[in-house]
1. Peptides 216-222, 198-204: what's the order by average Cβ count within 10 Å, highest mean first?
2. Quick check: residue separation of R66 and F8 times 0.36 nm, minus the Cα distance between them. What number comes out in nm?
3. What does the charge dipole of region 11-227 about its Cα centre add up to, to the nearest 20 debye, if the Cβ of each Lys and Arg holds +1 and the Cβ of each Asp and Glu holds -1?
4. If you average the sequence gap of Cα pairs under 8 Å that are 6 or more apart and divide by the length of region 11-227, what percent do you get for the contact order?
5. Taking 25 Å as R0, compute the FRET efficiency from the Cβ-Cβ separation of R133 and L54 and round it to 0.05.
6. Looking only at S125, S100, S186, which one moves most when the chain is put into a Gaussian network model with springs between Cα atoms under 10 Å?
7. Find, to one decimal place in angstroms, the Kirkwood hydrodynamic radius of region 171-210, where the mean of 1/r is taken over every pair of different Cα atoms and then inverted.
8. In whole Å, what three semi-axes, largest first, describe the equivalent ellipsoid of region 86-151 built from its Cα gyration tensor (square root of 5 times each eigenvalue)?
Amino acid sequence: MFGLDLSFFNWDIISKFVIKGFLFSIQLTIVATIGGIIFGTLLALMRLSGKKILVVPATIYVNGMRSVPLVMVILWFFLLVPAGFYALIPGGSNYRAEISAVITFVAFEAAYFSEIMRAGIQSISRGQVNAGRALGMTYAQNMKLIVLPQAFRNMVPILLTQTIILFQDTSLVYAIGAYDLLKGFSTAGKIYGRTEEAYLLAAVVYFVMCFGLSYMVKRLQNKIAIIR
């Protein structure tokens with residue numbers, strides 16, 4: 001169909017080109033998710049603190065990041081950060097694109113996870129917060145022991161959905177030459193003269209993975225709804 005020949009795609013191609021990119025895409029997704037949730041939670045707490053000195057910078061950061069396309073942030077960081085920065089990291093000069101991608105994704109995703117966590121925190125009944133205060137808990141203890149555990153539980157399906165979107169977005173690091181899943185397919189396609197087939201197969205892999213994960217998240221969301 002359309003002159004496509006998918007016979008070139010075999011285990012030899014997968015082991016030489018695709019697996020390396022796939023592993024980096026997974027690693028980038030995991031690191032960006034963990035880092036994004038950690039920094040996003042801190043940003044959410046800053047915005048909910050009621051203290052102007054914390055609210056203003058956190059709001060500017062979140063709204064600023066959410067107003068700029070991710071690919072632009074990736075390019076800005078990669079092109080504007082001096083090479084000396086990467087030299088400070090052992091072996092960093094050889095993996096400039098990959099290191100840049102990790103830092104950019106954590107910084108960018110923190111803004112989105114921040115809004116998710118802020119909504120989760122605000123969804124907790126004020127009665128529970130007041131009960132914690134009545135027991136003599138400080139603000140930090142209240143957040144750690146009462147609010148955040150419930151907020152995380154409530155937000156699990158949304159956090160997982162954002163992680164799936166994050167995995168899809170990892171393909172954007174192709175713009176700076178990082179060796180991700182898409183780069184692996186692209187490299188194999190160029191070497192074997194099967195560029196169209198390589199991109200088609202890459203799309204199929206992304207679709208299967210993301211569709212399957214989305215289905216699992218939907219099942220989890222239904223179970224959580226039943227428990228409630």
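Nothing in this text is a laboratory measurement; each read-out follows from the coordinates by a stated rule. Computed from a prediction, not measured in an experiment: that's the story for all the values here. Backbone-built Cβ (ideal geometry, glycine too); neighbour counts: all protein chains shown.
1. Values: 216-222: 13.3, 198-204: 17.4.
The packing order, highest mean first, is 198-204, 216-222.
2. Contour length minus Cα-Cα distance gives 16.8 nm.
3. On the way: 18 positive and 8 negative charges, 163 e Å.
Using Cβ point charges on Lys, Arg, Asp and Glu, region 11-227 gives about 780 debye.
4. On the way: 219 pairs, mean separation 65.9, N = 217.
Reported as a whole number, the value is 30 percent.
5. Numbers: r = 20 Å, r/R0 = 0.80.
Working from the Cβ atoms, E equals 0.80.
6. S125
7. Details: mean 1/r = 0.0985 Å⁻¹.
After inverting the mean inverse Cα-Cα distance, the result is 10.1 Å.
8. Numbers: eigenvalues 311, 38, 8 Å².
Listed largest to smallest, the semi-axes of region 86-151 are 39, 14, 6 Å.
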